[in-house]
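Novice: Here you go, one structure.
The values are calculated or read from the model by the stated rules, or taken from the named source; none is laboratory data. Quick caveat, the model's predicted, so the values are computed rather than measured. Every residue, glycine as well, gets a Cβ built from its backbone with ideal geometry; the counts of neighbours run over all protein chains shown.
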Amino acid sequence: MIKILTIIGARPQIIKASAISKAIREKYSDGINEIIVHTGQHYDQNMSEVFFEELQIPKPDYNLNVGSGNHGFQTAEMIKGIEEIIFKETPDCIILYGDTNSTLAGAIAASKLHCPIVHIEAGLRSYNKTMPEEINRIMCDHSSTLLFSPTKTGYDNLIKEGFKTNTIPPYTADNPKIYHCGDIMFDNTLYFSKIASDKSEILQKLGVEKDNYILATIHRDNNTDNPERLSSIFKAMMDVAEKFKVDFVIPLHPRTSKLLDRNIHNEVYSRLMNNKHLKITEPVSFLDMIQLEQHSKMIITDSGGVQKEAYFLKKPCVILRPQTEWVELVEHGSSIIADADYERIINAIDNLINKTDFNFPAIFGDGKASEFICNEIINNFNV
Ligand code: UD1
Ligand code: UDP
């Protein structure tokens with residue numbers, strides 16, 4: 001039996017972990033014993049707890065309750081907690097998802113104790129080191145033993161950084177193995193979109209009609225913390241709502257909610273407060289989110305996960321970032337990068353809103369990435 005230590009903390013990691021937990025529950029419970037550590041990076045009920053029951057994720061064995069703070073403080077507190085747990089549990093490997101501070105903390109704690117790192121969502125690069133996530137990804141990849149990239153571009157990025165394709169076992173941090181294996185979030189979207197259609201009542205709750213609203217999310221720090229950028233995004237949404245007679249549904253991340261009154265220009269803020277077309281809500285559960293995504297007219301977002309789910313569900317998407325690590329979405333024409341620029345957002349929505357001839361080739365695997373990863377963990381850590 002292989003003992004894996006899974007680190008989760010931020011909302012997207014909790015959701016990602018459900019794919020591997022489901023594979024273990026259904027197929028690998030004889031081979032893998034999963035211990036789950038929640039760092040507590042996200043802690044509001046609707047940013048954390050809501051996902052456990054809905055997505056059938058086992059309750060965490062440990063919760064470090066680290067909470068919010070500056071990067072150094074938050075990461076350091078997590079490192080201390082994870083280190084203690086590695087000493088106590090002596091896992092065969094540690095599973096790290098994506099690119100948050102919880103990922104980085106896991107990578108630092110594990111690599112110093114020579115605990116092999118399995119990085120899921122390896123190789124993604126925005127080539128913008130002012131993004132905290134870019135630093136976290138690079139540090140995690142370069143201390144990992146098994147690296148699972150969801151896209152061919154991610155796999156090729158690793159090769160460009162010196163990772164070899166012809167390494168042979170036993171794999172270590174100095175002799176790592178890289179894989180192109182598909183995206184576990186594609187597994188999740190395939191599985192949960194059917195359940196969401198049966199169970200979610202979010203459209204009725206919000207009073208929106210199928211295919212007559214745009215779904216928007218905004219939480220990236222360079223948007224929320226910059227009044228110019230945040231104001232441009234909200235002004236563009238209000239103008240589009242009027243021009244196209246379309247509603248916006250905006251499940252707002254707590255980071256953005258807390259900064260909204262402070263970081264939006266006064267005239268934009270007062271217009272926003274009286275605007276019936278922008279339906280700003282608390283963060284929603286994953287089933288509600290998938291339901292909102294699959295019935296939206298289009299999606300605008302600065303989220304990594306949401307821009308990909310737009311593609312999985314065959315929706316056009318405007319990306320509110322200067323660049324994306326999911327370059328395929330843009331290459332295939334269904335997504336446009338508009339950054340936080342008012343004119344570019346309006347033009348991108350104009351270009352995409354009534355277009356129908358999109359192409360969504362199957363570039364994120366076959367919906368079985370989680371099984372592939374579990375098999376490789378068993379092959380590599382079975383002693
Ligand atoms: C983090 C990740 C980001 C990811 C995002 C997913 C890092 C560096 N960033 O960003 O990559 O896209 O999670 O959502 O790890 N807050 C609450 N309640 C919560 C959680 C956060 O109110 O449950 C507020 C706090 O004011 C906090 C702020 O949101 O200071 C930011 O939270 P934090 O986890 O530091 O970063 P995110 O912006 O959520
Ligand atoms: N999500 C959710 N409820 C929301 C907003 C997002 O369940 O109100 C899901 C979304 O479907 C995706 C994940 O959270 O699976 C993305 O997380 P987020 O945007 O916070 O982070 P990122 O992907 O940018 O790191």
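Novice: Name the single residue that is farthest from residue 133 (Cα to Cα) among those in segment 204-252 being within 16 Å of ligand 1 (Cβ to nearest atom) and of a type in the set (Lys, Arg).
Specialist: 229
Novice: Go through 302, 288 for me and flag whichever is over 18 Å from residue 18 (Cα atoms) and within 13 Å of ligand 2 (Cβ to nearest atom).
Specialist: Values: 288 fails: over 18 Å from residue 18 (Cα atoms).
Exactly one residue qualifies, and that residue is 302.
Novice: Next question. Is it the case that some residue within segment 57-76 is modelled with pLDDT of 95 or more, assigned to a helix (DSSP H, G or I) and touching a Cys at 6+ places or on another chain (Cβ under 7 Å)?
Specialist: Step one: filter segment 57-76 for residues modelled with pLDDT of 95 or more, giving 57-76.
Cutting the leftovers down to assigned to a helix (DSSP H, G or I) gives us 71-76.
From what is left, the residues that are touching a Cys at 6+ places or on another chain (Cβ under 7 Å) are none.
Scanning segment 57-76 turns up no residue that is modelled with pLDDT of 95 or more, assigned to a helix (DSSP H, G or I) and touching a Cys at 6+ places or on another chain (Cβ under 7 Å).
Novice: Among the numbered conditions (1) outside any strand (DSSP E or B); (2) touching a helix residue (DSSP H, G or I) at 6+ places or on another chain (Cβ under 8 Å); (3) surrounded by fewer than 22 Cβ atoms within 10 Å (Cβ to Cβ), tell me where residue 88 comes up short.
Specialist: (2)
Novice: Residue 148 passes all but one of (1) surrounded by fewer than 24 Cβ atoms within 10 Å (Cβ to Cβ); (2) under 23 Å from the mean Cα position of the chain (by Cα); (3) of a type in the set (A, V, I, L, M, F, W, C); which number fails?
Specialist: So the condition that residue 148 fails would be (1).
Novice: Tell me whether segment 70-77 contains one or more residues that are touching a residue at least 40 places away in the same chain (Cβ under 8 Å), closer than 29 Å to residue 380 by Cβ and not hydroxyl-bearing (Ser, Thr, Tyr).
Specialist: Step one: filter segment 70-77 for residues touching a residue at least 40 places away in the same chain (Cβ under 8 Å), giving 71.
With closer than 29 Å to residue 380 by Cβ added as a condition, the list becomes none.
No, that holds for no residue.
Novice: Quick check: anything in segment 69-83 away from ligand 1 (no atom under 11 Å from the Cβ) and under 20 Å from residue 147 (Cβ atoms)?
Specialist: Within segment 69-83, the subset away from ligand 1 (no atom under 11 Å from the Cβ) is 72, 76-77, 79-83.
With the extra rule that they be under 20 Å from residue 147 (Cβ atoms), the set shrinks to 82.
Yes - at least one qualifying residue is present in segment 69-83.
Novice: Is there a residue in segment 148-161 that is of a type in the set (Asp, Glu) and either touching a residue at least 60 places away in the same chain (Cβ under 8 Å) or under 24 Å from residue 61 (Cα atoms) (or both)? Give the derivation first.
Specialist: Here is the first cut: in segment 148-161, the ones of a type in the set (Asp, Glu) are 156, 161.
Now drop any that are not either touching a residue at least 60 places away in the same chain (Cβ under 8 Å) or under 24 Å from residue 61 (Cα atoms) (or both), which leaves none.
Taking every residue of segment 148-161 in turn, none turns out to be of a type in the set (Asp, Glu) and either touching a residue at least 60 places away in the same chain (Cβ under 8 Å) or under 24 Å from residue 61 (Cα atoms) (or both).
Novice: Separate question: Can you name every residue in segment 1-48 that is part of a strand (DSSP E or B) and of a type in the set (Ser, Thr, Tyr)? Explain how you work it out, then say what you get.
Specialist: Residues of segment 1-48 that are part of a strand (DSSP E or B), as a first pass: 2-8, 32-38.
Scanning segment 1-48 gives a single hit, 6.
Novice: State whether the residues of segment 251-259 include one that is of a type in the set (A, V, I, L, M), surrounded by fewer than 21 Cβ atoms within 10 Å (Cβ to Cβ) and either away from ligand 2 (no atom under 16 Å from the Cβ) or over 24 Å from the mean Cα position of the chain (by Cα) (or both). Full working, then the answer.
Specialist: Residues of segment 251-259 that are of a type in the set (A, V, I, L, M), as a first pass: 252, 259.
Checking the rest, the ones that are also surrounded by fewer than 21 Cβ atoms within 10 Å (Cβ to Cβ) come to 252, 259.
From what is left, the residues that are either away from ligand 2 (no atom under 16 Å from the Cβ) or over 24 Å from the mean Cα position of the chain (by Cα) (or both) are none.
There is no residue in segment 251-259 that is of a type in the set (A, V, I, L, M), surrounded by fewer than 21 Cβ atoms within 10 Å (Cβ to Cβ) and either away from ligand 2 (no atom under 16 Å from the Cβ) or over 24 Å from the mean Cα position of the chain (by Cα) (or both).
Novice: Something else about it: Search segment 125-145 for residues being polar (S, T, N, Q) and within 25 Å of residue 114 (Cα to Cα), and hand back the single one that is nearest to the chain's Cα centre (by Cα). Reasoning before the result, please.
Specialist: Of segment 125-145, the ones polar (S, T, N, Q) are 126, 128, 130, 136, 143-145.
Right, trim to within 25 Å of residue 114 (Cα to Cα) and you get 136, 143-145.
On the way: 136: 14, 143: 21, 144: 20, 145: 22 Å.
Across segment 125-145, the extreme among qualifying residues is 136.
Novice: Hey, can you tell me all the residues within segment 319-337 that are away from ligand 2 (no atom under 15 Å from the Cβ) and in contact (Cβ under 8 Å) with a residue 24 or more places away in the chain?
Specialist: 327, 328, 332, 333, 334
Novice: Of the residues in segment 220-253, how many are touching a Ser or Thr at 6+ places or on another chain (Cβ under 9 Å), in contact (Cβ under 8 Å) with a residue 40 or more places away in the chain and either among the hydrophobic types (A, V, I, L, M, F, W, C) or part of a helix (DSSP H, G or I) (or both)?
Specialist: Final tally of qualifying residues: 4.
Novice: Out of curiosity, is residue 186 touching a residue at least 40 places away in the same chain (Cβ under 8 Å), surrounded by fewer than 17 Cβ atoms within 10 Å (Cβ to Cβ) and not β-branched (Val, Ile, Thr)?
Specialist: Working: touching a residue at least 40 places away in the same chain (Cβ under 8 Å): yes; surrounded by fewer than 17 Cβ atoms within 10 Å (Cβ to Cβ): no; not β-branched (Val, Ile, Thr): yes.
No; evaluated as a whole, the condition is false for this residue.
Novice: Kindly indicate the residue of segment 18-33 that is free of Cβ contacts under 8 Å to residues at least 40 places away in the same chain and among the charged types (D, E, K, R) and also nearest to residue 90 (Cα to Cα) among those meeting that condition. Can you show your working first?
Specialist: Of segment 18-33, the ones free of Cβ contacts under 8 Å to residues at least 40 places away in the same chain are 21, 25-26, 29-30, 33.
Subsequent filtering for residues that are among the charged types (D, E, K, R) retains 25-26, 30.
Values: 25: 22, 26: 25, 30: 19 Å.
My answer is 30.
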